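**Student:** What follows is a single structure, and I will ask about it in a moment.
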Amino acid sequence: MRILYAGLLLCVALIGLAALHFMQPSREALVRQANAEGELRIYGNADTDAVQPLIDSFRARHPGIAIRYEDINSTALNARFLAETAEGRPGADLVWSSAMDLQAKLINDGYAQSYRSPEASALPASAVWRDMGYGVTAEPVGFVYNKRLIAPDQVPRTHEALERLLRDRHDALMGQVITYDPARSNLGYLTLTQDFAITRDTRSLLQAIAGARPQLSTMTTPMIDAVAEGRAAIAYNALLPYAVERAETDARIGIVLPEDYTIVVSRVAFIARDARHPAAAKLFLDHMLSREGQTLLARQWLPPMRTDLAAGGLEAERARPIRGGPQLFVNLDPVKRRRFLADWDAILAEGAAAK
């Protein structure tokens, strides 16, 4: 009886695998379908120049597929995608954003379609969620500073050291700190909520930042520009790949991967549920996750997610990758978000009132 039962289980498993294989089109069939579609529309928030080598490489392989890539701020990207979907208008086939929480919520709410990429086995398990969301990059968040305004022996290497610097040099650094505005930047909101999840000391650090009456930004590039030009001495929680690229040609910029902990953000991609060109989107997603695609992104300062490629020198023990999944959008609950931002506003107001 046990042998018969085991045999039945094996048969069921084999039938399931055969059915899965049947449902998943062959590579040749996928390419034919993508070529028939002839088009691919991508919404992302990585700089177009950084993504261009990846697009060019894909076009060389699939010249019959025209690609339209639009670089959109993560908050605006999310709003536009939702509006177009609700109205039934043509929109993105592939959505790729650093707003991990918004991406997770879109997937959870049914806006993505399932696709098991053949490249998934080369990714950490945490980078693939429900065969829908794929973490494509592993980008550290840290400090960017102006080398003229912050002496080498004063460069903060930890969050605690940054707080100490802001308190010790309070007058000199007044108005000289820049960070994301969490009310207008989803990345800023995401990283700040992660700070609080990692350590209770975050409130004390934010109070020190508030006391310096910080400049607030919605995007990374203006933050780096401000530091390079001396309009700010230090940027907090900046997405570092942009800064690393700039520092290659700009000696004014210094970069810190905090030694106590370094948050790591991933740009998450998914294929839209209502994609008009789903086969082309699948091919491009595979290309993004391939060794060739990940290497091309890495050359543009977008560190790879693949486990068989170097991630850029960040020691694993201090890396704090933001994991995908439903836990990410807990802080998107309207009540929680309002409370968090009200607390942030109160901290800023206290800092502005302090002498």
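**Student:** Going through the stretch 156-191 one residue at a time, which ones are modelled with pLDDT under 95, closer than 21 Å to Tyr261 by Cβ and of a type in the set (A, V, I, L, M)?
**Tutor:** Leu187, Leu190
**Student:** Picking from Val144, Val227, which residue would you name as being buried (at least 23 other Cβ atoms within 10 Å of the Cβ) and part of a helix (DSSP H, G or I)? I'd like the intermediate steps shown before the answer.
**Tutor:** On the way: Val144 fails: part of a helix (DSSP H, G or I).
Among Val144, Val227, only Val227 is buried (at least 23 other Cβ atoms within 10 Å of the Cβ) and part of a helix (DSSP H, G or I).
**Student:** Right, another one. Based on what the data block shows, is Ala349 touching a strand residue (DSSP E or B) at 6+ places or on another chain (Cβ under 6 Å), open to solvent by 10 Å² or more (accessible area, probe 1.4 Å), at pLDDT 90 or above and not in a loop (DSSP other than H, G, I, E, B)?
**Tutor:** So Ala349 fails the test.
**Student:** Which condition does Ala280 not pass, out of (1) open to solvent by 10 Å² or more (accessible area, probe 1.4 Å); (2) more than 19 Å from Gln176 (Cα to Cα); (3) over 17 Å from the mean Cα position of the chain (by Cα), if it passes all the others?
**Tutor:** Evaluating Ala280 over (1) open to solvent by 10 Å² or more (accessible area, probe 1.4 Å); (2) more than 19 Å from Gln176 (Cα to Cα); (3) over 17 Å from the mean Cα position of the chain (by Cα) leaves (1) as the failure.
**Student:** Oh, and also: Restrict the check to the stretch 72-86 and report whether at least one residue is touching a strand residue (DSSP E or B) at 6+ places or on another chain (Cβ under 8 Å), part of a loop (DSSP other than H, G, I, E, B) and at pLDDT 95 or above.
**Tutor:** The first filter runs over the stretch 72-86 and keeps only residues touching a strand residue (DSSP E or B) at 6+ places or on another chain (Cβ under 8 Å), leaving 72, 74, 77-78, 80-81, 85.
Those left that are additionally part of a loop (DSSP other than H, G, I, E, B): 72.
In the following step, the residues that additionally are at pLDDT 95 or above were identified as none.
Within the stretch 72-86 (the criterion being touching a strand residue (DSSP E or B) at 6+ places or on another chain (Cβ under 8 Å), part of a loop (DSSP other than H, G, I, E, B) and at pLDDT 95 or above), the answer is no, since none of the residues qualifies.
**Student:** When only residues in the stretch 212-264 that are over 23 Å from the mean Cα position of the chain (by Cα) and among the small types (Gly, Ala, Ser) count, which is nearest to Ala183 (Cα to Cα)? Step through it out loud before you land on a result.
**Tutor:** We begin by selecting, within the stretch 212-264, every residue over 23 Å from the mean Cα position of the chain (by Cα); these are 212-214, 228-233, 249-252.
Now narrow it down to the ones that are among the small types (Gly, Ala, Ser): 212, 228, 230, 232-233, 251.
Numbers: Ala212: 19, Ala228: 25, Gly230: 25, Ala232: 21, Ala233: 23, Ala251: 32 Å.
The qualifying residue nearest to Ala183 (Cα to Cα) is Ala212.
**Student:** Let me ask something additional. Can you find a residue in the stretch 124-139 that is assigned to a loop (DSSP other than H, G, I, E, B), of a type in the set (Val, Ile, Thr), within 29 Å of Leu309 (Cβ to Cβ) and open to solvent by 10 Å² or more (accessible area, probe 1.4 Å)?
**Tutor:** Scanning the stretch 124-139 turns up no residue that is assigned to a loop (DSSP other than H, G, I, E, B), of a type in the set (Val, Ile, Thr), within 29 Å of Leu309 (Cβ to Cβ) and open to solvent by 10 Å² or more (accessible area, probe 1.4 Å).
**Student:** Would you check if there is a residue in the stretch 242-250 being within 24 Å of Ala104 (Cβ to Cβ), open to solvent by 10 Å² or more (accessible area, probe 1.4 Å) and of a type outside the set (Phe, Trp, Tyr)?
**Tutor:** No, every residue in the stretch 242-250 fails to be within 24 Å of Ala104 (Cβ to Cβ), open to solvent by 10 Å² or more (accessible area, probe 1.4 Å) and of a type outside the set (Phe, Trp, Tyr).
**Student:** If you check Leu206, Leu190, Leu216, which single one turns out to be among the aliphatic types (A, V, I, L, M) and open to solvent by 10 Å² or more (accessible area, probe 1.4 Å)? Even if it seems obvious, please write down each step before you answer.
**Tutor:** On the way: Leu206 fails: open to solvent by 10 Å² or more (accessible area, probe 1.4 Å); Leu190 fails: open to solvent by 10 Å² or more (accessible area, probe 1.4 Å).
Only one candidate qualifies: Leu216.
**Student:** Looking at the structure I just gave you, is Ala342 touching an Asp or Glu at 6+ places or on another chain (Cβ under 6 Å), closer than 22 Å to Asp101 by Cα and either assigned to a helix (DSSP H, G or I) or open to solvent by 10 Å² or more (accessible area, probe 1.4 Å) (or both)?
**Tutor:** So Ala342 fails the test.
**Student:** Against the conditions (1) assigned to a helix (DSSP H, G or I); (2) over 20 Å from Pro241 (Cβ atoms); (3) open to solvent by 10 Å² or more (accessible area, probe 1.4 Å); (4) touching a residue at least 40 places away in the same chain (Cβ under 8 Å), where does Phe58 fall short? Just the number, please.
**Tutor:** All conditions pass for Phe58, except number (3).
**Student:** Please work out if Tyr189 is touching a residue at least 40 places away in the same chain (Cβ under 8 Å), of a type in the set (Phe, Trp, Tyr) and out of contact with any helix residue (DSSP H, G or I) (no Cβ under 7 Å at 6 or more places or on another chain).
**Tutor:** Considered against the rule, which asks whether it is touching a residue at least 40 places away in the same chain (Cβ under 8 Å), of a type in the set (Phe, Trp, Tyr) and out of contact with any helix residue (DSSP H, G or I) (no Cβ under 7 Å at 6 or more places or on another chain), Tyr189 comes out as yes.
**Student:** A follow-up question, please. So how many residues does the stretch 202-215 have that are in a loop (DSSP other than H, G, I, E, B) and touching a helix residue (DSSP H, G or I) at 6+ places or on another chain (Cβ under 7 Å)? Let's see the steps before the verdict.
**Tutor:** The initial filter retains those residues of the stretch 202-215 that are in a loop (DSSP other than H, G, I, E, B), namely 212-214.
Checking the rest, the ones that are also touching a helix residue (DSSP H, G or I) at 6+ places or on another chain (Cβ under 7 Å) come to 212-213.
Residues that pass the stated criteria total 2.
**Student:** Which members of the stretch 162-183 meet the condition of being part of a loop (DSSP other than H, G, I, E, B), touching a helix residue (DSSP H, G or I) at 6+ places or on another chain (Cβ under 9 Å) and farther than 30 Å from Val335 by Cα? Working first, answer last.
**Tutor:** Let us first name the residues in the stretch 162-183 that are part of a loop (DSSP other than H, G, I, E, B), namely 169-176, 181-183.
Subset that is touching a helix residue (DSSP H, G or I) at 6+ places or on another chain (Cβ under 9 Å): 169-170, 173-174, 181-183.
Scanning the stretch 162-183 gives Arg169, His170, Leu173, Met174.
The values are calculated or read from the model by the stated rules, or taken from the named source; none is laboratory data. Just so it is clear, the structure is predicted and the values come from calculations on it, not from any experiment. For neighbour counting, all protein chains shown are included, and Cβ atoms are generated from backbone atoms with ideal geometry for every residue, glycine included. Remember, those area values only see protein heavy atoms, side chains included, never the ligands or the DNA or RNA. Shrake-Rupley method; radii C 1.70, N 1.55, O 1.52, S 1.80 Å.
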